[in-house]
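K.L.:
My questions all concern the structure below.
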Amino acid sequence: MTALLSCRALTRRFGGLVALDRLDLEVERGTVLGLIGPNGSGKTTFFNVLTGIFPASGGEIGFDGAAITDLAPQQVYRIGIARTFQRSRLCLPLSIFDNLMVGNHRHLRHDLWFNLVRRKALRRQIGEQFAAARELLRIFDPPLAERMLEPAGRIPMIDRRRVEVCRALISRPKLLLLDEPSAGMTHDETLRLMDDILKVQQQIGSLTIILIEHEMSVIERITSRCVVLNYGKKIAEGAYAQVAQDAQVKQAYLGLE
Amino acid sequence: MKAAAVAAVATAFAWLLLRAESQTSISLLLLLAVAAGVAAARLRFRLSGPSVLAFAAVAVLALLLREDDFSLLLLTRILIVVVACLGLNVQFGYAGVVNFAGASFFGVGGYTAAILAPRLPHLLVLLLGGAAAALVGSILILPVLRTRGHYAALVTIAFALLFRTFLEVNDTLGGPQGLKLPELVIGPFHFNDPVFDASFYLRYVALGLVLAALALGVVQRLERSWIGVALDAVRLDEIAAASFGLSIARWKIAAFTIGNFITGVAGALSAFMIGFIAPNNYAFSESLILVSILLLGGIGNPWGLALASAIVIVLPEKLQTIQEYRFLIFAAVVILILLFRPAGLLPRPLRRLKT
């Protein structure tokens, strides 16, 4: 099986700072890759370069057989990569349903004629989308699925995380990028969220996930492989148990003894 | 039922206010309105009903005032300003593109009407006024897209100042003296002929109502559609929107163009009604008034800006004491609103796409 995502010597510089330093990385289809490393080691930068928010300073990204190194964020989304953000980026004044629909942009019709004149067809599409969104949200939290017309700003942090994950999932991406979904949640809440994500992964089959996470128990439980970054460089790679024993990793996390 | 009662009371109130002559009775009526507004806010009074009621109320009001030229003129001015602000609302309220040159696009519509009116059917001229404003806007949008926040606002301010100077020095556009327009004729209707014994302004009120209804229909449909969701997402978080495939530039251009078209049509109708236009009508201060109407009424809520338009136009005409200080007072009111009620008099309600 060929890898879904493969990066070759991917580099990103901010002035003199090398945030990503010739990173080589591969993710197999249908697997969950954990991306770990101390603060400032380049994990989120990797997501931002991958999704086109920052252009790469060097190197290549291949996705599903095509080169995507220089694509804009809009194009990256369209070929099937969706993400969540470390700091929640929901549109708080909008309803939960509206937020989910932002994530499903590529499956909605946006021409003026359809939206202004063909109101019946529009209402039908809204109805279909509403049912689909409710079904997805129900996997995560059934009561939340009944509150889709409430503003996203009025729900607690854990529900916002769920909505954010659903916003990324609803367009049925091939690759899901989760940037520290546990931020602001308790240990149990995080585990539940992860279990729900795995449930969805099994349902839609071909979903591949890259997960940035500081909670090592989460990494241990759900990832099949880990990549450890430090100062933008890959310092270790392999199953969690193996990586956790690595001397370099211990040093990066705990400092020199 | 509740909505119909409110519409009837509002019509009666507007009639009393527009007919009132003495400063004492006007002041009393205004105090009454403020008290009613405060009470409604305290009781969390929510009103919903068909938009038709509001238009019917204005039509009834116009018929009640059928011989009162001045009041009908005010009514038409309000309707035209409502249309212009609906255009700005698409830009500012939905897509978050600030436009401090609203009066300039209003002016592009007006000048287009003045130039084309002798040559083309007037209904077409109204539409072309909007098209011209949209076209001019597509040039201004280029620098606006390259800037953010305050700087984008500055670009539009610069344009507003340039536009007026351009009009003043341009001889083919009449320079500082401006241009005259012929009588508005649409089909069999000659707009400057009296309607039986009643004022000829009744026709303008009717046309204003039609335009306001059309503009409101477009804006409300826009808001309650996938386009509305996309525009809101662009305004609230450009990074998140881009990450989900929304082209920021495309949506800002769309909102700017649609908004300028609507504002331009309003400008064309205004020019026909006044019959004469000059650069002074389109000064930067007029743009500020349009923006302050949005802030006062509640950004994103068409009904809020309708209420604010009525307040901003009627108050200085009826209360002569504030006439001279109106800019001062508006500025103070806008600051107070931003401090104490940032969402405006009638905040925009949550969109519920599925009912």
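K.L.:
Quantify how much of the Cα-Cα distance distribution of the stretch B:1-91 extends past 15 Å, in percent.
P.N.:
Tail of the P(r) past 15 Å holds 69 percent of the pairs.
K.L.:
I would also like to ask the following. Test of understanding: ordering B:82, A:200 by Cβ neighbours within 10 Å, fewest first, what list do you get?
P.N.:
Arranged by neighbour count, lowest to highest, B:82, A:200 become A:200, B:82.
K.L.:
Where is the GNM fluctuation largest for chain B (alpha-carbon springs, 10 angstrom cutoff): B:151, B:325, B:111?
P.N.:
Evaluated over chain B, the most mobile residue of the options is B:325.
K.L.:
At a 10 angstrom cut-off on C-beta neighbours, averaged per residue, how do the peptides A:83-93, A:40-50, A:16-26 rank from highest to lowest?
P.N.:
Averaged packing, sorted descending, gives the order A:40-50, A:83-93, A:16-26.
K.L.:
Could you give me the ³J(HN,Hα) list for the stretch A:56-71, computed from phi with Karplus coefficients 6.51, -1.76, 1.60 and θ = phi - 60°, whole Hz, x at Gly and Pro?
P.N.:
Result, ordered by residue: 6, 7, x, x, 9, 10, x, 9, 6, x, 10, 7, 10, 3, 9, 6 Hz.
K.L.:
Also: Per residue of chain A, what 222 nm ellipticity follows from adding -39500 (n - 2.57) for every DSSP H run with n ≥ 4, rounded to the nearest 500?
P.N.:
Roughly -11500 deg cm²/dmol at 222 nm, from the helical runs in chain A.
K.L.:
Here's another thing I want to ask about it. First select every other residue whose beta carbon is under 12 angstrom from the beta carbon of residue B:205; then total the charges, Lys and Arg +1, Asp and Glu -1.
P.N.:
So the surrounding residues net to +1.
K.L.:
Starting at the first residue of the stretch B:261-268, write each ³J(HN,Hα) from the Karplus equation 6.51 cos²θ - 1.76 cosθ + 1.60 with θ = phi - 60°, in whole Hz, x for Gly and Pro.
P.N.:
4, 4, 4, x, 4, 4, x, 5
K.L.:
Taking the square root of 5 times each eigenvalue of the Cα gyration tensor, what semi-axes in Å does the equivalent ellipsoid of the stretch A:95-171 have, largest first?
P.N.:
That gives 24, 11, 11 Å for the three semi-axes.
K.L.:
Still on this structure, please answer the following. Mind counting lysine pairs for me in the protein assembly as shown? Cα separation below 17 Å, and the two need to be 8 or more apart along the chain or on different chains.
P.N.:
6
K.L.:
Defining a contact as two alpha carbons under 8 Å apart and six or more residues distant in sequence, what relative contact order in percent does the stretch B:50-340 show?
P.N.:
35
K.L.:
Exposed loop sites here are GluC sites (Glu not before Pro) in DSSP loop states with at most 14 other C-beta atoms within 10 Å. What is the longest stretch of chain B lacking them?
P.N.:
Here the longest segment lacking exposed loop sites spans B:184-323.
K.L.:
If you don't mind, another one. Averaged over peptide B:220-232, how many Cβ atoms belonging to another chain are found within 10 Å of each residue's Cβ?
P.N.:
6
K.L.:
Also, I was wondering about something else. Which order do the peptides B:91-100, A:170-179 come out in when sorted by mean C-beta neighbours inside 10 angstrom, highest first?
P.N.:
B:91-100, A:170-179
K.L.:
Compare B:45, B:55, B:256 in a GNM of chain B, Cα atoms joined below 10 Å, and give the one with the largest fluctuation.
P.N.:
Highest fluctuation among the options: B:45.
K.L.:
Taking just the C-alpha trace of the stretch B:50-340, give me its Rg and Dmax in Å.
P.N.:
18.6, 62
K.L.:
Under 11 Å from the Cβ of residue A:97, count the other residues' Cβ atoms, weight Lys and Arg +1, Asp and Glu -1, and hand me the total.
P.N.:
Charge balance in the 11 Å sphere: +4.
K.L.:
A further question follows. What residues have an amide H closer than 5 Å to that of residue A:79, excluding those fewer than 5 places away on the same chain, when H is modeled at 1.01 Å from N in the peptide plane?
P.N.:
When sequence neighbours closer than 5 places are left aside, there are no close amide H contacts.
K.L.:
How much of the DSSP bridge set in chain A is antiparallel, in percent, rounded to the nearest 5?
P.N.:
That works out to approximately 55 percent antiparallel.
K.L.:
Could you give the longest part of chain B that holds none of the trypsin sites (Lys or Arg not before Pro) found in DSSP loops with at most 12 neighbouring Cβ atoms within 10 Å?
P.N.:
Result, exposed sites excluded: B:149-355.
K.L.:
Considering every residue in A:76-84, what mean count of other chain Cβ atoms within 10 Å of its Cβ is obtained?
P.N.:
2
K.L.:
Determine ³J(HN,Hα), in whole Hz, for all residues of the stretch B:307-316 in sequence, where each value follows from phi through the Karplus function 6.51 cos²θ - 1.76 cosθ + 1.60 and θ = phi - 60°; x replaces Gly and Pro.
P.N.:
After applying 6.51 cos²θ - 1.76 cosθ + 1.60, I find 4, 5, 4, 4, 4, 5, 8, 6, 3, x Hz.
K.L.:
What whole-number value in cubic angstrom gives the convex hull volume per residue for the C-alpha atoms of chain A?
P.N.:
Per residue, the Cα convex hull of chain A comes to 141 Å³.
K.L.:
Running a GNM on chain A with Cα contacts under 10 Å, which residue among A:12, A:134, A:221 ends up with the highest mean-square fluctuation?
P.N.:
A:221
K.L.:
For labels at residue A:112 and residue B:335 in the simple 7 Å Cα→Cβ model, what's the distance in nm?
P.N.:
Roughly 4.1 nm, to one decimal.
K.L.:
Compute the normalised compactness of the protein assembly as shown: alpha-carbon radius of gyration over 2.2 N^0.38 Å, N being the residue count.
P.N.:
Compactness ratio reported: 1.15.
K.L.:
Mind sorting B:234, A:249 by how few other Cβ atoms lie within 10 Å of their own Cβ, fewest first?
P.N.:
A:249, B:234
K.L.:
Here's a follow-up. For peptide A:107-119, compute the average count of partner chain beta-carbon atoms within 10 Å of each residue's beta-carbon.
P.N.:
Across the residues of A:107-119, the mean count of other-chain Cβ atoms within 10 Å is 4.
K.L.:
Moving to a separate point now. What number, rounded to the nearest 500 deg cm²/dmol, is the helix-based mean residue ellipticity at 222 nm of chain B, given -39500 (n - 2.57) per DSSP H run of at least four residues and division by all its residues?
P.N.:
-23500 deg cm²/dmol
K.L.:
Here's a follow-up. How many angstrom lie between the Cα centre of the stretch B:274-337 and the Cα centre of the stretch A:170-213?
P.N.:
Distance between centres, Cα-based: 51 Å.
Read-outs: derived from the displayed coordinates by stated rules, not from any lab. What you see is a predicted model, and the numbers here were worked out from it, not measured in a lab. Neighbour counts are summed over all protein chains in view; Cβ atoms, including those assigned to glycine, are modelled from backbone coordinates with ideal geometry.
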